Each structure stands twice: as C-alpha cells, then as structure tokens.
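K.L.:
Can you read through this structure? Questions will come right after.
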Protein chains: 2
Amino acid sequence: MDTHLLRTFAAVARLGSFSAAAAELGYTQAAVSQQIAALESDLKAALLNRRPVTPTEAGARLLEHVAAILLRLDAARADVARMTSAPSASLTVGLTPLAGGSPAVALALAALRRQMPRAEVSVRVGGRGDVATGVARGEFDIGLIDGLTAPGDSLPVLVSEHASGVAQAEVLVVLPAGHPLARRAGVHLADLVDARWIEAADVAPPLSDVRRVAGLDGFRAAFRYDGTDTLSLIRLAATGQGLTLLPGTALPAAMGFSAVPLTAPRVLHRVELVHGTLAADSPAAALADLLSPRG
Amino acid sequence: MDTHLLRTFAAVARLGSFSAAAAELGYTQAAVSQQIAALESDLKAALLNRRPVTPTEAGARLLEHVAAILLRLDAARADVARMTSAPSASLTVGLTPLAGGSPAVALALAALRRQMPRAEVSVRVGGRGDVATGVARGEFDIGLIDGLTAPGDSLPVLVSEHASGVAQAEVLVVLPAGHPLARRAGVHLADLVDARWIEAADVAPPLSDVRRVAGLDGFRAAFRYDGTDTLSLIRLAATGQGLTLLPGTALPAAMGFSAVPLTAPRVLHRVELVHGTLAADSPAAALADLLSPRG
DNA sequence: CCAAGTTACGAGTCACGTAAGGATT
DNA sequence: AATCCTTACGTGACTCGTAACTTGG
C-alpha cells in the first residue's frame, strides 16, 4: 500500500479509466495497470471492475480511506512547511457559503479588522470539500465549514485534526409562499422523504447529509444547482423547483418564500472551524480565538 | 513521503534510536539513517535531533499526522478484508473503563443479549489509544471511548470515520471526604490549576484533556496511576493522593469520598461510539443501532 | 474492428546491506 | 574507547516503458 499506488488508484477511480489516469499522472497505461494489479494482489481483493471501470464494493471502501490518507499526507507536508518558513502576517480564510452567512463569523471578522487593522485578509468561498482540502493543504489558514448535525455531534470533516464548533442555528425547510406545508408550525423530515429536493451540495447541506441525519433513504434530487450563491438557491426553492434545507441565519427577511422549522429529528445547522497549526500572534490565531467558544 | 519512510520515522521517534528502530523493522542502522535522510530532504526540514534522538518541532508536528496516516492505512486494510471475508456472527467490543461504566452502554449490551441471544459477545477494556487503534485495525467491531468535551463538541478520536455520541454525563471532582472544597456546591476548574492531580490516562480523562478544555496550562500530575480500574483510582483520590475528574455515572454511592460538580467551564463527560464498516444483520450493527441517538 | 486493459520482457533506477568513517559522551 | 549515526559504494530488486496480446462493445 504505497502512497503512489493509492494515488493511482484514486485517480483511476475518479476518472473511470486507466488510460486517463495514466495521462494525468504521467505514466503509461501499462504502468497503471500494473500498479492496480499490485494493489489488488496486496489486498487480495478486486478493487475495480473493468469495462466500464468502476470501484467494487471493497474498492469503494478503500477509496474513502485513500482520500483521507492522501489529504493527510498533503496536510503533513503543509504543516511541516509552515514550521520551517517564516510566519505570515496575512490571513486567508476558506468559507462555505452558509458558514460565511453565520452572524458569528461576520462578527469575528469585523472584530479582527478592529484588533489587527493592518492584517491582510482574504476570503475564498467554495464547496465543503474545497475548503477542507484547502485547509489541509495549507492554502487556507482557516476554514469555516457548515453542515447538518444531530445536537451534540460535530461535522464529519475530512481532516479532523483541529476542529471546533463555532455556531449553531435552527434548520428550516424553504418552500414556495403558497405551499400547503407553509402554514405548518413545523415539519418532520420523515414526511419529506419522497418530496422533490434540490441537490445544491456546494451551498445547502448535501442530500447525503440529509439522509444521514434522517436515518432514511430517499430525499432524491429532482433538481441540481451547482453554484455557490445562496440567493439563487433560495429563488429556486421559492419558485417551486424543489425543497432545500437552510439555517435561519441564511434567510433574508422577505423574498416570496416560506420557511418552516424542522422539528424532527432534532437537527442543527452547525458551523465548524478547521485549521492546521497556527503560529502564535498570527492573524489566523487571532481569528481562531475570536471564533472559539470561549472567545 | 512513502509509507515505509513514515513508518520508519515513527519507529525512530518512538524508540528514540535509529538502531533500535532498525532492529524492530528488520533493517540495518544504515538503511534507517538513509530513510530518515530521504524524508528530511524531501520535506526540506530537520525532523529529528541526534544524540539524543528526539523529534524537532517540525518532526513533532509530522509525527501526529504520521500516526493518523499509519492508523488509517491499517484501517483501510482491515476494512477491505472485512468486505471480502464472510460476515462474522461474533462481536468484539473495545471499551475504555468509563465508557463501559456508562448506563447507556450497559443497557445496550443487555438489550443486545435479549435481541440476539446467540451472538458471541466479547469485551475488552483498554486505554483510549488501544481502543481507537483496535477499532481501526479491525480487532474490535465497535469501540466505546470516553473523554471530556465542551458541550456540542465531539471527542478528538484518532480515526474519526464513523463516530457518534452515545452518552453524556456531568463531570465531578473527586475529593477526600473531609476536603475543604467538599462542602462547595460546585467548583471552577480554573481554581484547581495548581492542585495535586492524579494522572490516570487509561481511566480518567488525561490531564492534557483537562488543560485543553480549561484552556489553561498547569494541572500537573503529582501522582500517576497506570491501571484501568476505576475503583482503585477513586480510592486513590479518596485517600488524598490527588484530584481526579470522573463522570457522575462512574461514582459508587458511598465510598468515603466526596464529589463536587464542575461548574465552569461547561464541560461534559462524553462517550463516543467508533466503528469501521458494519455488515448488515451483524451483532455489531445491532449494537451500534441500540447505541445510536435514535436507538 | 477498435478501444482499452493485460501480460511479457528488458533496462534503468533506487534502496538496501556491507563496510568504513566521523562525532559525541 | 565505546556507542551511535553518517557516508560511500556495490549489488539486487523493483518498477517503469515498449511492445505484443487479449477482451469486450
């Protein structure tokens, strides 16, 4: 299970092709074939189906571990690099859209501006995976990731090393103004298993998370939104393209939609802070402190 | 950053010796020296001080990642093996002592006995690290690990893949019966920074966790208890060897000690369930379901 | 029949072991 | 002087590329 075997395996699985993976990694097809064969013989398990190339059940399981391992390798390299290079006075924050929408985050950024007015702060918004991997790789000093959790649980962040909860908010179902459910004081997630849902994985909680917290299958995507703009998503939901779940903090006052709290199961929208090693006296450390539960 | 370089680095750091690591891994000293040199040149950073051999700052950071990576490699192998081999009807549970003491766990085990009377269940008690790594390596189907957390946070478990909160309990400071603090209705952790503490890392929360949740240094160990027996630890605290923190659920009714709730910071004793892939209809899946927040 | 993965085989590289060379206590 | 790590060097194993082969749509 050498790292480059795992890297190759991940590339093949992602691209669904030995030759494409070979091209991406700068190998020949034959080399890739040999590497996969070596990995399969090491683990004594078929990892990929051929023609078409898809992961087997065992391969799919391995893939999850491999993603975490490769990310952590990047994180290790970035962390060591950070120890050796001079501490930076600038700060780059990675945000998921709804994490940025949280009042706690807005307040902390404002406080940081007051506390360290000379710090050069830049913010990048992206999907959950982008933020998590960006932090791991050291591209961001700090990441803020949102998601759905049971009360008391934390988010399944890819690189869990340094993570702490920053904010929690009630979850609401966004509906067109005239929707029959809009009159209700609260809805049960289980009643919406077979509804039309919008998959907007880079903004709202991905439907896989909804299934996870509900403990139910279903919640199939009838509509897919690939952008990262919250208002666009709300507009889609308001015009009846499908349902989506959003935290109360993300909803503007009036926009021609209704929002009904989710009453069961008890689920919270949660924003979590993730970061690697923080140099003392850096803007990143200051922001982390402002965002910490004690801060 | 090949896996065997990381493995060697971890061994050298753990043993504090190139030669000892070589002996353990079946290499010559020279090979180990070359591997460390290769790793250091790859990362362009000194990772180990020589004579005596100790990790540098960068090495220490790397070491944390390496531990996680190597563990995850084991976990990946175990997970794949589980997919290929036939599902087992037996169940092995790894427990930290205080996790086993939680009523929720006792009830779930009893319920499992009723639900699947024929299942062969075995339980092993060990320290947090042993349980976490045992689960990752597939030695345990399920692990139950306890620790100290802020409300809403989850435990920093090494392999976070599948983890969920199972039980929470108030934290108390255990004191000899006549202790001055024993009359108080509650104590602040900050007032106990300079007290005599017992380090009993395999039973009670390790003092490093206490420092973490308190956000303070101090809490130095005046006494070290290496066993895994809760009653022995309580006896030590009751006879004034030092302080320890225990969840209310672990304390017997009367044993010549006092216990005062911790009122600040708000901290909970938390039991967390960790597991790899669970085969459907296995005793492990049944127990996980019984222990899940919904179960 | 073509695209795509596998197998065979040779070549270059790389990592290990042996052995000699420092350095530190 | 002894212990322990480093460096030098030769050899063997391993992995990659080329090329021929096979299989599936």
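Condition check ((1) aromatic (Phe, Trp, Tyr); (2) surrounded by fewer than 18 Cβ atoms within 10 Å (Cβ to Cβ); (3) over 30 Å from A:Leu70 (Cβ atoms)) across all residues:
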position	(1), (2), (3)
A:Leu172	no, no, yes
A:Leu189	no, no, yes
A:Ala195	no, yes, yes
A:Glu199	no, no, no
A:Pro205	no, no, no
A:Ser208	no, yes, no
A:Arg211	no, yes, no
A:Leu251	no, yes, yes
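K.L.:
Mind counting the residues in region A:1-16 that are free of Cβ contacts under 8 Å to residues at least 40 places away in the same chain and within 14 Å of chain B (Cβ to nearest Cβ)? Talk me through it step by step, then tell me what you get.
P.N.:
If we filter region A:1-16 for residues that are free of Cβ contacts under 8 Å to residues at least 40 places away in the same chain, which is where we start, we get A:2, A:4-5, A:8, A:11, A:14-16.
When the remaining residues are screened for being within 14 Å of chain B (Cβ to nearest Cβ), the result is A:2, A:4-5, A:8.
So the answer is 4.
K.L.:
Within region B:32-53, restricting attention to residues that are closer than 19 Å to B:Asp2 by Cβ and within 8 Å of DNA strand D (Cβ to nearest atom), which residue is nearest to the chain's Cα centre (by Cα)?
P.N.:
B:Leu48
K.L.:
What are the residues in region A:36-51 that are surrounded by 15 or more Cβ atoms within 10 Å (Cβ to Cβ) and near DNA strand C (Cβ under 7 Å from one of its atoms), if any?
P.N.:
Within region A:36-51, A:Ile36 is the sole residue that qualifies.
K.L.:
From the list B:Ser19, B:Ser33, which residue is within 13 Å of DNA strand C (Cβ to nearest atom), hydroxyl-bearing (Ser, Thr, Tyr), closer than 26 Å to A:Arg82 by Cα and more than 14 Å from every other protein chain (Cβ to nearest Cβ)?
P.N.:
Details: B:Ser19 fails: closer than 26 Å to A:Arg82 by Cα.
Checking each option against the conditions leaves just B:Ser33.
One line per residue, one yes/no per condition, for (1) in contact (Cβ under 8 Å) with a residue 24 or more places away in the chain; (2) within 16 Å of DNA strand D (Cβ to nearest atom); (3) more than 17 Å from the chain's Cα centre (by Cα):
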{"position": "A:Ala58", "(1), (2), (3)": "no, no, yes"}
{"position": "A:Leu62", "(1), (2), (3)": "yes, no, yes"}
{"position": "A:Val80", "(1), (2), (3)": "no, no, yes"}
{"position": "A:Thr84", "(1), (2), (3)": "no, no, yes"}
{"position": "A:Gly100", "(1), (2), (3)": "yes, no, no"}
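K.L.:
If you go through region A:84-109 one residue at a time, how many are surrounded by fewer than 21 Cβ atoms within 10 Å (Cβ to Cβ) and either within 14 Å of chain B (Cβ to nearest Cβ) or among the hydrophobic types (A, V, I, L, M, F, W, C) (or both)?
P.N.:
Residues flagged as surrounded by fewer than 21 Cβ atoms within 10 Å (Cβ to Cβ) and either within 14 Å of chain B (Cβ to nearest Cβ) or among the hydrophobic types (A, V, I, L, M, F, W, C) (or both) within region A:84-109 amount to 9.
K.L.:
Conditions first: (1) crowded, with 16+ Cβ neighbours inside 10 Å; (2) under 20 Å from B:Ser102 (Cα atoms). B:Leu278 passes all but one, so which condition is the exception?
P.N.:
(2)
K.L.:
Follow-up question, since we're still on this one. Among the residues of region B:14-26, is any of a type in the set (D, E, K, R), within 8 Å of DNA strand D (Cβ to nearest atom) and surrounded by fewer than 16 Cβ atoms within 10 Å (Cβ to Cβ)? Write out each step before concluding.
P.N.:
Step one: list which residues in region B:14-26 are of a type in the set (D, E, K, R), which gives B:14, B:24.
Narrowing the set further to residues that are within 8 Å of DNA strand D (Cβ to nearest atom) leaves none.
Looking for residues that are of a type in the set (D, E, K, R), within 8 Å of DNA strand D (Cβ to nearest atom) and surrounded by fewer than 16 Cβ atoms within 10 Å (Cβ to Cβ), one finds none in region B:14-26, hence no.
K.L.:
Taking strands (runs of 3 or more DSSP E) that fall entirely within region B:76-161, which contain at least 3 residues that are under 30 Å from A:Met1 (Cα atoms) and among the hydroxyl-bearing types (Ser, Thr, Tyr)?
P.N.:
Working: elements: B:90-95, B:120-125, B:142-149.
Passing ranges: none, list empty.
K.L.:
Would you be able to tell me the number of residues in region B:52-75 that are surrounded by 17 or more Cβ atoms within 10 Å (Cβ to Cβ) and not in a helix (DSSP H, G or I)?
P.N.:
Pass one, region B:52-75, residues surrounded by 17 or more Cβ atoms within 10 Å (Cβ to Cβ): B:53, B:55-56, B:58-59, B:61-63, B:65-75.
When the remaining residues are screened for being not in a helix (DSSP H, G or I), the result is B:53, B:55-56.
Matching residues across region B:52-75 total 3.
K.L.:
Please state which one of A:Gly178, A:Gly147, A:Gly186, A:Gly218 is within 14 Å of another protein chain (Cβ to nearest Cβ) and out of contact with any His (no Cβ under 7 Å at 6 or more places or on another chain). First the steps, then the outcome.
P.N.:
On the way: A:Gly178 fails: within 14 Å of another protein chain (Cβ to nearest Cβ); A:Gly186 fails: within 14 Å of another protein chain (Cβ to nearest Cβ); A:Gly218 fails: within 14 Å of another protein chain (Cβ to nearest Cβ).
Answer to the check: A:Gly147.
K.L.:
With respect to the numbered conditions (1) more than 12 Å from chain A (Cβ to nearest Cβ); (2) in contact (Cβ under 8 Å) with a residue 60 or more places away in the chain, which one is the sole condition not fulfilled by B:Val166?
P.N.:
Condition not satisfied by B:Val166: (1).
K.L.:
Now for a separate question. Quick one: which of B:Phe257, B:Phe223 is at pLDDT 90 or above and among the hydrophobic types (A, V, I, L, M, F, W, C)? I'd like the intermediate steps shown before the answer.
P.N.:
Numbers: B:Phe257 fails: at pLDDT 90 or above.
Exactly one of B:Phe257, B:Phe223 is at pLDDT 90 or above and among the hydrophobic types (A, V, I, L, M, F, W, C), namely B:Phe223.
K.L.:
Okay, next question. Report, by residue number, each residue of region B:251-295 that is of a type in the set (Val, Ile, Thr) and in a loop (DSSP other than H, G, I, E, B). Lay out the reasoning, then the answer.
P.N.:
From region B:251-295, those of a type in the set (Val, Ile, Thr) are B:260, B:263, B:267, B:271, B:274, B:277; that's our starting set.
Within region B:251-295, B:Val267, B:Thr277 qualify.
K.L.:
Give region A:64-76 a look and list any residue that's without any contact (Cβ under 8 Å) to a residue 24 or more places away in the chain and facing chain B (nearest Cβ under 7 Å), or say none. Let's see the steps before the verdict.
P.N.:
Residues of region A:64-76 that are without any contact (Cβ under 8 Å) to a residue 24 or more places away in the chain, as a first pass: A:64-65, A:76.
Result: A:His65, A:Ala76.
K.L.:
Can you name every residue in region B:202-217 that is in a loop (DSSP other than H, G, I, E, B) and in contact with a Phe, Trp or Tyr (Cβ under 9 Å, 6 or more places away or on another chain)?
P.N.:
Quick first cut of region B:202-217, residues in a loop (DSSP other than H, G, I, E, B) only: B:202-206, B:215-217.
If the condition is that a residue be in a loop (DSSP other than H, G, I, E, B) and in contact with a Phe, Trp or Tyr (Cβ under 9 Å, 6 or more places away or on another chain), then B:Asp202, B:Val203, B:Ala204 are the ones that fit.
The values are calculated or read from the model by the stated rules, or taken from the named source; none is laboratory data. Remember, it's a predicted structure, so these values are computed and weren't measured experimentally. For neighbour counting, all protein chains shown are included, and Cβ atoms are generated from backbone atoms with ideal geometry for every residue, glycine included.
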